[in-house]
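All remarks here apply to the structure that follows.
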Amino acid sequence: MGAAAATDIAEALRTRLASRKNVRVIFASAPSQASMIRQLRAMPDIDWSRVIAFHMDEFIGLAPDAPQRFAHWLNRHIFDALPLAAAHRINPGADPEAEARRYAALLDEAPIDLVCLGIGVNGHIAFNDPPIADFDDPLDVKLVELDAVCRQQQYDDGGFESLDAVPRTALTLTIPRLLRADRLFCIVPGAHKRNAVRGALHGERTTACPASVLREHGNCTLYLDKEADPDA
């Protein structure tokens, strides 16, 4: 799964870099992405010095040096591991609403070429959980409250010492902002994601499973392992 996704993403990067000055990519930060990112870093013939990177969500309320911050995860796995043209990190700080506006403006400076994302246990994409997901959201980046299933997933992923330590709010790119990208690569491993994948592939279009909207994107590829595949 990781190798297949990395191969396709690398080819998409090479193709776009052959015809333009820069390529702009949004990365998710989660264990589900680790295999793909590790193999993508090793792919040959990618001029990373012309790649501008973004990330799609960040907890609010963690200390700047907290290892659970998604920016630090991306620093370890890709932002500091490659000679990128730029890596734009979400930093909620003391004024998350102002940071949402700042980050939305950065995203809006030019089209986004690629998005590398996953699907949450509750079907979320980024931190657009079912209670607040909006397929017609007027904002590009917003402050959200995380639902109980999402917070449980963050704890189960092993980053927090207790469920109570998982933040209750975050900044996230919205669903319309993600869907405006030219191409989406969605990497989803694990049996715990199978029901969410089933809803995304076969359920109705509904914010009860936000990933169901991915079917409407004209260029989205889904990568599953056998455990996550509801049709295996």
For the chain, share of DSSP beta bridges that run antiparallel, in % to the nearest 5: 35
Simple label model, 7 Å out from Cα along Cβ direction - Glu11 to Phe135, nm: 3.0
Segment Ser19-Asp231, extension gain: residue separation times 0.36 nm, minus the distance between their alpha carbons: 72.5 nm
Share of carbon and sulfur in the accessible heavy-atom surface of segment 28-146 [1.4 Å probe, %]: 53
Label point distance in nm, Val121-Ala63, each placed 7 Å from Cα along Cα→Cβ: 2.7
Largest-first principal axis extents, alpha carbons of segment 93-142, Å: 30, 29, 22
Choice from His77, His55, His202 with maximal GNM fluctuation in the chain (Cα, 10 Å cutoff): His202
Cross-link reach list, lysines versus Lys226, counting only Cα pairs under 19 Å and skipping chain neighbours closer than eight places: Lys193
Per residue accessible area in Å² of the chain, where ligands, DNA and RNA are left out and the probe is 1.4 Å: 43
Gyration tensor verdict on segment 1-130 (Cα atoms; rounded if a/c is under 1.5, prolate if a/b is larger than b/c, oblate otherwise): prolate
For segment 92-189: rounded, prolate or oblate by the Cα gyration tensor [a/c cutoff 1.5]: oblate
Fully extended contour minus Cα-Cα distance, from Thr221 to Ala94, at 0.36 nm per residue: 42.0 nm
Contour excess over end-to-end distance, with Cα ends at Asn75 and Thr206 and 0.36 nm allotted per residue: 43.8 nm
Loop GluC sites (Glu not before Pro), segment 53-145, which have at most 13 other Cβ atoms in a 10 Å radius of their Cβ (DSSP): Glu109
Segment 158-206: C-alpha gyration tensor shape, a/c 1.5 cut-off, then a/b vs b/c: oblate
In segment 154-232, GluC sites (Glu not before Pro) in a DSSP loop with at most 10 other beta-carbon atoms within 10 Å: Glu161, Glu204
Trypsin sites (Lys or Arg not before Pro) within segment 174-232: DSSP coil, no more than 16 neighbouring Cβ in 10 Å: Arg180, Arg205, Lys226
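The values are calculated or read from the model by the stated rules, or taken from the named source; none is laboratory data. All of these numbers come straight from a predicted model, not from anything done at the bench. Note that we place each Cβ from the backbone using ideal geometry, even for glycine, and neighbour counts take in every protein chain shown. Note: areas computed on protein heavy atoms with side chains; ligands, DNA, RNA excluded. Shrake-Rupley method; radii C 1.70, N 1.55, O 1.52, S 1.80 Å.
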